[in-house]
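Any read-out appearing in this document is the output of simple, stated calculations on the displayed coordinates, not a laboratory observation. Because the structure is predicted, anything quoted here is derived from the model rather than measured. Cβ sites come from the backbone with ideal geometry, for glycine too, and all protein chains shown count toward neighbours.
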Amino acid sequence: MNIAVIGTGNVGRALGTSWAMKGHQVIFGSRDPHSQKVADVLAAAGPNASAATLPEAGARAEVIVLATPWDGVHQVVEALGEVAGKIIVDATNPIDPGFQLAVGTTTSGAEQIAGWAKGGRVVKAFNTTGWENMADPIYHGEPITMFIGGDDAEAKTVVTGLAADLGFEVADTGPLSTARYLEPLAMVWIHLAIGQKQGRQIAFKIVRR
């Protein structure tokens, strides 16, 4: 699958590198695809990875993964250009300075992105844990849980497969509006891992009996 990963920070690098190593064709989208930072990411990701400008990456991809800071997401979506029909995975969290949610309760960052990305099939995913767990989601031999939400069933099936490729167990929380709960869940992880200094090697998992 052709996947555009928009962002070359920790999250984008972890996701894109792992997918490239699983055989997907990964295009890292960047405002400066020839930068040293991007070169370092490509070296780590291997031969299935390439880099392009934002509109080029979006045009070449079947799936677009947004892995950028929240304050630049709107501009990124605009720079991507035509995204109608494409699956857009929102891995962002709408966090303001001081680790406060910028939106919530009656809407979500993912729903705002769906409004900006006209015709895009938005799925919320890869936002509720740290990048270390995206690179290695196995704890004591068991997969941790990745929560996803979206309105397009086919798009969620694709994203479920991509999460499973990384090693996650997937929990579908329902429509895109459930991002209103998934984004605060990310804040729980942040407060535990960083605020309470429990460390980033912690994760959420659904257990059943």
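Which ordering of E111, E183, E132 is given by a fewest-first count of other beta-carbon atoms within 10 Å?
E132, E111, E183
If you place +1 on the Cβ of every Lys and Arg and -1 on the Cβ of every Asp and Glu, how big does the dipole about the Cα centre of the chain come out, in debye to the nearest 20?
Computed about the Cα centre, the dipole is about 340 debye.
Checking the a/c ratio against 1.5 first, then a/b against b/c, what shape does the Cα gyration tensor give for segment 43-84?
Here segment 43-84 falls in the oblate category.
Tell me the net charge near V76. Cut-off is 15 Å between Cβ atoms, V76 excluded, with +1 for each Lys or Arg and -1 for each Asp or Glu.
Spelling it out: positives minus negatives among the neighbours equals -3.
How big is segment 71-123 by the Kirkwood estimate over distinct Cα pairs, in Å?
For segment 71-123, the Kirkwood estimate is 11.6 Å.
Given R₀ = 22 Å, FRET efficiency for I206-D151 by Cβ-Cβ distance, to 0.05?
0.50
Give me D96, D90, D151 sorted ascending by neighbouring Cβ count inside 10 Å, so fewest comes first.
D96, D151, D90
Using the Cα centre as the reference, give the magnitude of the dipole from point charges on the C-beta atoms of segment 1-115 (Lys, Arg: +1; Asp, Glu: -1; all else neutral), rounded to the nearest 20 debye.
Approximately 360 debye in magnitude.
Which loop trypsin sites (Lys or Arg not before Pro) in segment 56-128, with loop taken from DSSP, have no more than 10 other Cβ atoms within 10 angstrom of their Cβ?
K118
What does the net charge come to around G119 if you take all other residues with beta carbon closer than 12 Å to its beta carbon, with K and R at +1 and D and E at -1?
Neighbour charge sum, excluding G119 itself: +1.
By the gyration tensor of its Cα atoms, with a ≥ b ≥ c the square roots of the eigenvalues, what is the shape of the chain: rounded for a/c under 1.5, prolate for a/b over b/c, or oblate?
rounded
Based on other C-beta atoms within 10 Å, arrange S177, S108, S30 from fewest to most.
Exposure proxy ranking, most exposed first: S177, S30, S108.
Work through the residues other than T92 whose Cβ is under 11 Å from its Cβ and net out their charges, Lys, Arg +1 and Asp, Glu -1.
Net local charge, T92 excluded: -2.
Give the lysines whose C-alpha is closer than 20 Å to that of K118, dropping any in the same chain fewer than 8 places away, or say none.
Output for K118: K86, K156.
Name the residue from L80, S177, L192 whose Cα lies farthest towards the positive end of the charge dipole of the chain, charges +1 on Cβ of Lys and Arg and -1 on Cβ of Asp and Glu.
So the residue we want is L192.
Go ahead and estimate [θ] at 222 nm for the chain from helices alone: -39,500 (n - 2.57) per DSSP H run with n ≥ 4, summed, over the residue count, rounded to 500.
-10500 deg cm²/dmol, from helical runs alone.
Kirkwood-based Rg over Rh for segment 1-93 (C-alpha set), two decimals?
Here Rg/Rh amounts to 0.92.
Taking 8 Å as the Cα distance limit and 6 or more residues as the minimum spacing, I'd like the relative contact order of the chain as a percentage.
Relative CO of the chain lands at 17 percent.
Share of antiparallel DSSP beta bridges in the chain, in percent to the nearest 5?
20
Averaging sequence separations of C-alpha pairs under 8 Å and six or more residues apart, then dividing by the length of segment 49-132, give the relative contact order as a whole percent.
It comes to 31 percent, rounded to a whole number.
Provide the gained length on full extension for the span H140 to Q198, in nm with one decimal, where the gain is 0.36 nm per separating residue minus the Cα-Cα distance.
In short, 19.1 nm is gained.
Nearest 20 debye, what's the magnitude of the dipole of segment 30-93 about its Cα centre given +1 on Lys and Arg Cβ and -1 on Asp and Glu Cβ?
Result for segment 30-93 is approximately 120 debye, rounded to the nearest 20.
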